[in-house]
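We did not get these values from a lab; they are worked out from the coordinates using the rules stated. Here the structure is a predicted model, which means the values were calculated and not measured. Note that we place each Cβ from the backbone using ideal geometry, even for glycine, and neighbour counts take in every protein chain shown.
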Amino acid sequence: MRAAVVTIFPEVIRAAMAEGVVARAVREGRLDIDLVNPREHAGDRRRNVDDRPFGGGPGMVMLAAPLASAVTAARERLPTSAPVILLSPQGARFRQQMATELAASEGFVLVAGRYEGIDERFVEQNVDREVSIGDYVLSGGELPALVVIDAVARLLPGALGNPASVLDESHVDGLLDWPHYTRPEIHAGRPTPSVLLSGNHAQVARWRRREALGRTWLRRPELLLDRDISPRDRALLAEYIAEQPAAAISATNAARTHTQGDEPNAPQQDH
Ligand code: 9D3
């Protein structure tokens with residue numbers, strides 16, 4: 001797969017491409033990332049890529065022309081099907097499903113912005129979709145672009161030492177992960193749940209499913225709302241809830257009382 005990142009800080013992307021799952025995908029030829037710097041596409045001698053906002057106000061706005069030219073250059077090296085995705089605080093939230101779609105696609109262009117914003121005419125003329133990675137303020141789109149690339153790179157065929165973990169993991173089947181343990185059996189006086197040492201694979205699988213359902217119910221209940229829960233899962237969840245100390249449930253309810261939106265345990269914002 002080929003991707004391009006349009007950014008005035010290509011070195012930030014390059015640094016992250018040198019390590020880990022992305023580096024491996026690039027090294028093994030499964031991923032090719034072009035970096036295109038709008039500064040190289042600036043029209044003036046000073047190579048300006050920003051200017052003051054019409055209408056006044058603080059901060060600078062990215063010029064449309066260098067960005068448009070950079071995107072055109074990026075697209076010349078990509079299939080025509082490749083969408084142009086702007087990383088933007090105004091975008092739709094990036095989700096695992098989008099990572100899966102991009103991993104199955106022929107390629108894409110990511111545009112990372114800086115400054116207070118981007119000239120809207122560039123967005124209207126060149127951008128297919130806008131994507132945000134969450135409700136917090138960053139200084140630019142480079143880290144979000146890396147988040148997207150990382151999420152996609154690890155899904156590319158041949159990306160993982162253990163491909164089974166791609167199918168098993170949190171958010172793919174819509175549940176949180178179960179708890180993990182490794183040696184030693186006892187750490188700081190705390191034992192490993194005995195079922196994991198029993199060698200009974202069916203019981204291990206049942207325990208993990210119950211823990212995954214239970215933790216999702218406790219920590220991210222909204223993930224359970226939009227899905228069908230099989231009778232077996234329902235029974236496992238009931239078992240989990242019955243075993244919960246009352247204190248754990250009231251602590252969770254207290255946290256939920258102070259939350260809003262789709263991240264139920266996030267602290268409430270000031271009004
Ligand atoms: C004062 C209004 N700000 C919008 C909330 C201005 C502003 C803040 C941060 C304009 C640009 C940015 C830079 N952020 C991104 O480019 C960005 C981002 C983010 O800040 N959070 C989560 N996802 C993303 S994707 C791109």
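Here are the numbers:
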{"item": "Length gained when the stretch Ala255-Leu143 is fully extended (0.36 nm per residue, less Cα-Cα span)", "result": "37.4 nm"}
{"item": "Per residue, the convex hull volume that the Cα atoms of the chain enclose (Å³)", "result": "191 Å³"}
{"item": "Calculated [θ] (222 nm, deg cm²/dmol) that DSSP helices of n ≥ 4 give over the chain, each run adding -39,500 (n - 2.57)", "result": "-11500 deg cm²/dmol"}
{"item": "Förster radius 35 Å - calculated FRET efficiency between Ser198 and Gln96, Cβ distance, rounded to 0.05", "result": "0.65"}
{"item": "Computed lengthening from Ala247 to Leu224, 0.36 nm per intervening residue step minus Cα-Cα distance", "result": "6.1 nm"}
{"item": "Rounded FRET efficiency, nearest 0.05, which uses the C-beta distance separating Ala18 from Glu120 and R0 of 41 Å", "result": "0.70"}
{"item": "Sorted by Cβ neighbour density within 10 Å, fewest at the top, the residues Thr257, Thr7, Thr216", "result": "Thr257, Thr216, Thr7"}
{"item": "Cα radius of gyration and Dmax for region 24-148 (Å)", "result": "14.9, 49"}
{"item": "Unit charges at the beta carbon, dipole of region 44-107: most positive-side option, Ala103, Ile85, Gly57", "result": "Gly57"}
{"item": "Ala104-Arg232 FRET efficiency (beta carbon distance; Förster radius 45 Å; 0.05 resolution)", "result": "0.90"}
{"item": "Sorted by Cβ neighbour density within 10 Å, fewest at the top, the residues Phe54, Phe9", "result": "Phe54, Phe9"}
{"item": "Angle in degrees between helix 201-219 and the longest Cα principal axis of the chain, rounded to the nearest 10", "result": "60 degrees"}
